[in-house]
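The values are calculated or read from the model by the stated rules, or taken from the named source; none is laboratory data. Quantities reported herein were computed from a predicted structural model and do not represent experimental measurements. Neighbour counts are summed over all protein chains in view; Cβ atoms, including those assigned to glycine, are modelled from backbone coordinates with ideal geometry.
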Amino acid sequence: MTEGGVIDAATAMTEQSTVTQATATKIAALPDAQVVTAVRHYTDRLFSFRVTRPRSLRFRSGEFVMIGLMGDNGKPLLRAYSIASPSWDEELEFYSIKVPDGPLTSRLQHIQPGDAIILRPKPVGTLVHDALLPGKRVYFFATGTGFAPFASLLRDPDTYERFEEVIVTHTCREVAELTYGRELVAGLAEDPLIGEMVAGKLRYYPTTTRETSPRMGRITTLIENATLFADLGVPPLDPATDRAMVCGSLGFNRDIKLLLEAAGLREGANSEPGEFVIEKAFVG
Ligand SMILES: Cc1cc2nc3c(=O)[nH]c(=O)nc-3n(C[C@H](O)[C@H](O)[C@H](O)COP(=O)(O)OP(=O)(O)OC[C@H]3O[C@@H](n4cnc5c(N)ncnc54)[C@H](O)[C@@H]3O)c2cc1C
Ligand SMILES: NC(=O)c1ccc[n+]([C@@H]2O[C@H](COP(=O)([O-])OP(=O)(O)OC[C@H]3O[C@@H](n4cnc5c(N)ncnc54)[C@H](OP(=O)(O)O)[C@@H]3O)[C@@H](O)[C@H]2O)c1
C-alpha cells in the first residue's frame with residue numbers, strides 16, 4: 001500500500017471484521033455485493049473508498065465498472081466509476097464526487113466500512129495502455145474526479161516500463177480538491193513496488209482555477225500559451241514522441257482534443273491504438 005493509499009491493511013482488516021450479522025444478511029441479499037473496507041472524505045464534494053475485490057475480477061488499469069446501491073424500488077441504482085486502484089491491488093479503490101441531490105451519490109457518500117455496495121464485474125474503457133501506440137512521454141490530463149483512472153495507471157509498473165517520462169496534470173477549482181491526487185503522487189516515491197521506477201520519471205503538475213495556488217489556470221490555456229512546456233522544460237506536443245490520456249468533463253475533453261489534434265496527435269481506441277485516448281469523467 002502506498003502512503004497515498006486510503007488506509008493501511010491492518011486498518012482494513014479491523015474495519016472489515018466489524019461487519020455485523022445484520023449487515024452480513026443485507027450483503028448476502030445484494031447481487032454482486034462487495035464490502036466497504038475504508039472511506040475517506042476530502043471535501044464536502046469529494047471522498048474515496050475501498051471495497052473487497054471479487055476473486056474473479058480481472059481488469060486493466062484505467063478501466064471503469066458499474067457500481068451502486070439498491071434503489072428504493074428494489075432495483076440496483078448503478079453508475080459508471082473508474083477503478084482508482086491498480087490492477088495488482090487486492091482491493092478496489094474508487095474516488096467519488098458527492099452530488100447533493102444525485103440519485104446515487106446523495107446516498108453513497110454515507111457508506112461506512114462494513115456496508116455493502118453493488119459492483120458489476122465487467123470492466124471496460126479506453127484509458128488503457130493497449131489503446132496507445134508506443135512513445136517516449138505520456139501525459140495524463142485530468143480535471144476533478146477525472147483523476148481516478150490515473151490513480152490506477154500511476155500505480156501500475158507497466159506505465160513506467162512503457163514510457164521514459166510520465167506527466168500528470170490535475171486541474172480543480174479549489175486547492176482542497178487536489179488533495180487525493182497530491183497525496184497519491186507523494187506516496188509513490190515511498191512505494192516498495194514502484195518507488196524506484198517512478199524516480200526521475202514522474203512529473204506532477206497541479207493547477208487551480210478559482211482559488212489561489214502556486215500554479216493557476218486551465219490546463220488548456222497553459223498548453224495554448226506553452227506555459228506547461230516551459231514550466232516542465234519539455235518540448236511542445238509532438239506525435240513522434242508524445243502520447244496522452246484525457247479524463248474530464250465533456251467540455252474539457254472537447255477542448256483538449258482540439259489542442260491534441262492541432263499538434264498532430266490522433267485519437268486511438270482499443271481496436272485501433274493511437275496517440276491519445278479520452279474518457280468522460282461524468283456526463284452533464
Ligand atoms: C465512464 C465514466 C466514468 C466515471 N467515473 C467516475 C468516477 O470515478 N468518480 C465519480 O465520482 N464519478 C464518475 N463518473 C460519474 C458517475 O457515473 C455518476 O454520474 C456520479 O457518481 C454521480 O451520480 P449521481 O447518481 O449521484 O448523479 P447523476 O445523476 O449521475 O449526476 C448528476 C449531475 O452531477 C454532476 N456530476 C456527476 N458526476 C460528477 C463528477 N464525477 N464530477 C463532477 N460532477 C459530476 C453532473 O452535472 C451530472 O449531470 C463516471 C462517469 C462515466 C461516464
Ligand atoms: N468544484 C466546486 O467547488 C463545485 C461546487 C458546487 C457545485 N459544483 C458543480 O459540480 C459540477 C462539476 O464541478 P467540478 O468542479 O467537479 O468539475 P468541472 O466544472 O469540470 O471543473 C473542474 C476543473 O476543470 C476546469 N475546466 C472546466 N471546463 C474546462 C474546459 N472546457 N477546458 C479546460 N478546463 C476546464 C475548471 O476550470 P474553471 O473553474 O475555469 O471552470 C476546473 O478547474 C459543476 O456542474 C459545478 O457547477 C462544483
Exercise. If you take the residues of the range 83-93 that are of a type outside the set (F, W, Y) and assigned to a loop (DSSP other than H, G, I, E, B), which of them is farthest from F163 (Cα to Cα)?
Worked result: E90
Exercise. Only one of L222, L184, L259 is within 25 Å of T43 (Cβ to Cβ), touching a helix residue (DSSP H, G or I) at 6+ places or on another chain (Cβ under 7 Å) and away from ligand 1 (no atom under 16 Å from the Cβ); which?
Worked result: L222
For this session: Return the pairs, sorted by first residue and then second, in which the second residue is surrounded by 15 or more Cβ atoms within 10 Å (Cβ to Cβ) and aromatic (F, W, Y), the first residue lies in the range 91-118 and is over 14 Å from I67 (Cα atoms), the beta carbons are less than 8 Å apart, and the residues are 6+ apart or on different chains.
Result: K98/F47
For this session: Name the one entry in Y160, Y204, Y180, Y139 that is under 23 Å from A262 (Cβ atoms) and buried (at least 16 other Cβ atoms within 10 Å of the Cβ).
Result: Y139
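Matching residues to (1) in contact with a strand residue (DSSP E or B) (Cβ under 6 Å, 6 or more places away or on another chain); (2) at pLDDT 95 or above; (3) part of a helix (DSSP H, G or I):
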position	(1), (2), (3)
T169	yes, yes, no
A176	no, yes, yes
T179	no, yes, yes
E183	no, yes, yes
G187	no, yes, yes
E190	no, no, no
L193	no, no, no
G200	no, no, no
Problem set entry | Count - residues of the range 124-153 that are under 18 Å from R50 (Cα atoms) and either assigned by TED's automatic domain parsing to the domain that holds S56 or touching a Pro at 6+ places or on another chain (Cβ under 8 Å) (or both) | 2
Exercise. Any residue in the range 118-135 that is more than 29 Å from F276 (Cβ to Cβ) and away from ligand 1 (no atom under 16 Å from the Cβ)?
Worked result: no
Exercise. Does R215 qualify as being surrounded by fewer than 16 Cβ atoms within 10 Å (Cβ to Cβ), more than 16 Å from ligand 1 (Cβ to nearest atom), within 24 Å of F64 (Cα to Cα) and basic (K, R)?
Worked result: no
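So which residues in the range 94-122 are of a type outside the set (S, T, N, Q) and part of a loop (DSSP other than H, G, I, E, B), if there are any at all?
From the range 94-122, those of a type outside the set (S, T, N, Q) are 94-95, 97-104, 107-108, 110-111, 113-122; that's our starting set.
Selection gives K98, V99, P100, D101, G102, P103, L104, H110, I111, P113, G114, D115.
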For this session: Hey, could you check the range 267-284 for residues that are within 16 Å of ligand 1 (Cβ to nearest atom) and not in a strand (DSSP E or B) and say which is surrounded by the most Cβ atoms within 10 Å (Cβ to Cβ)?
Result: A281
Exercise. Based on what the data block shows, is K136 over 18 Å from the mean Cα position of the chain (by Cα) and under 26 Å from N270 (Cα atoms)?
Worked result: yes
Exercise. Out of all the residues in the range 247-266, which are touching a Lys or Arg at 6+ places or on another chain (Cβ under 7 Å) and surrounded by 16 or more Cβ atoms within 10 Å (Cβ to Cβ)?
Worked result: N253
Seminar exercise, completed: Going through the range 59-83 in order, the residues found to be touching a helix residue (DSSP H, G or I) at 6+ places or on another chain (Cβ under 8 Å), of a type in the set (A, V, I, L, M) and under 27 Å from T159 (Cα atoms) are I83
